[in-house]
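Novice: For reference, the structure I am asking about is given below.
The values are calculated or read from the model by the stated rules, or taken from the named source; none is laboratory data. Note that this is a predicted model, so its numbers are computed, not measured. Note that each Cβ is placed from the backbone with ideal geometry, even for glycine, and that neighbours are counted across all protein chains shown. With ligands, DNA and RNA removed, areas are computed over all heavy atoms of the protein, side chains included. Shrake-Rupley method; radii C 1.70, N 1.55, O 1.52, S 1.80 Å.
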Amino acid sequence: DYGISCVLLNPININTVEIIGMDGKELRINFSLSEQVESNEEQKQCFLDDFLMHTNDDKIRRSIKKVIDLFPQKLHGTICLVEKCQLPNEQLKDGIFFEQPIDIVGAAEEILEKDIDHTVDYIRQLDEKYYAITGLFIEMLNFDGITIVDTMGRIRGYNVFITPHNKDNIITGGARKRAAHALLDSQNEDYVGVYFQSQDGNYFYERIRI
């Protein structure tokens, strides 16, 4: 008897294909670069862990992981900074910041806390609210600039651009990747990590080096 092996081929974009084995491990190949790209599943998990640092509920974590798993397909290039609720600051002050952060975790908690006493319409409203907020998160990530979230699972701002400390440090062409590395190199203790994704669908998450 011969064992049966199979893989799932998932086209991410015109240049990149994702291969998923039976054990769930992922491999990405970018043909435009003619190189094999290693799995970033651990990096996505690090992003999830930092974004939900104060959330231990497995149902909430699984729900939001499904949103993060959509990034490679839904995003056309992005930077997302995870921080400790201290922004704006001198480096990141040019953009749209919310006086009241958009609480993704809070919306998920409302769904989990629903009970049989709630009406069908109320439960549907909670579901629609959660999907509207997560959909809005995807849209914000597709804007130019940096989307900022905190470790409590909240969106704090988007369309944010780095303010250079001096004129010799202006970030120009290829700005998205340069901006990501500027955040990583900032050694700012209020920053936790940076998720970067190129237009080709290649991505990484890296924690701030202090």
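Novice: For Lys74, which aspartates and glutamates qualify as cross-link partners when the Cα separation must be under 18 Å and same-chain residues fewer than eight apart are set aside?
Specialist: Output for Lys74: Glu18, Glu26, Glu41, Glu139, Asp144, Asp200.
Novice: Ranking request for peptides 61-69, 193-201: highest mean number of other beta-carbon atoms within 10 Å first, then the rest in descending order.
Specialist: 193-201, 61-69
Novice: Still on this structure, please answer the following. Would you list which lysines come within 19 Å of Lys25, measuring only between C-alpha atoms, while excluding same-chain residues fewer than 8 positions from it?
Specialist: Lys44, Lys65, Lys66
Novice: Additional query: In nm, give the distance between the simple-model label positions of Gln73 and His118, each being 7 Å from the Cα along the Cα-to-Cβ direction.
Specialist: 2.6 nm
Novice: From the alpha carbon gyration tensor of the stretch 66-109, can you work out the equivalent ellipsoid semi-axes (sqrt of 5 times each eigenvalue) and give them in Å, largest to smallest?
Specialist: Whole-Å semi-axes of the equivalent ellipsoid: 22, 17, 9.
Novice: May I pose another question? At 1.4 Å probe size, what's the solvent-accessible area of Asp94? Round to the nearest 10 Å².
Specialist: Only protein atoms counted, so the area is about 90 Å².
Novice: Right, something else. Express the accessible area of the stretch 32-113 per residue in Å², computed with a 1.4 Å probe while the remaining protein chains stay in the model.
Specialist: Result: 55 Å² of accessible area for each residue.
Novice: Then there is this: In whole Hz, what ³J(HN,Hα) sequence does the stretch 202-210 give by Karplus (6.51, -1.76, 1.60; θ = phi - 60°), x for Gly and Pro?
Specialist: 6, 8, 8, 10, 9, 7, 5, 8, 9
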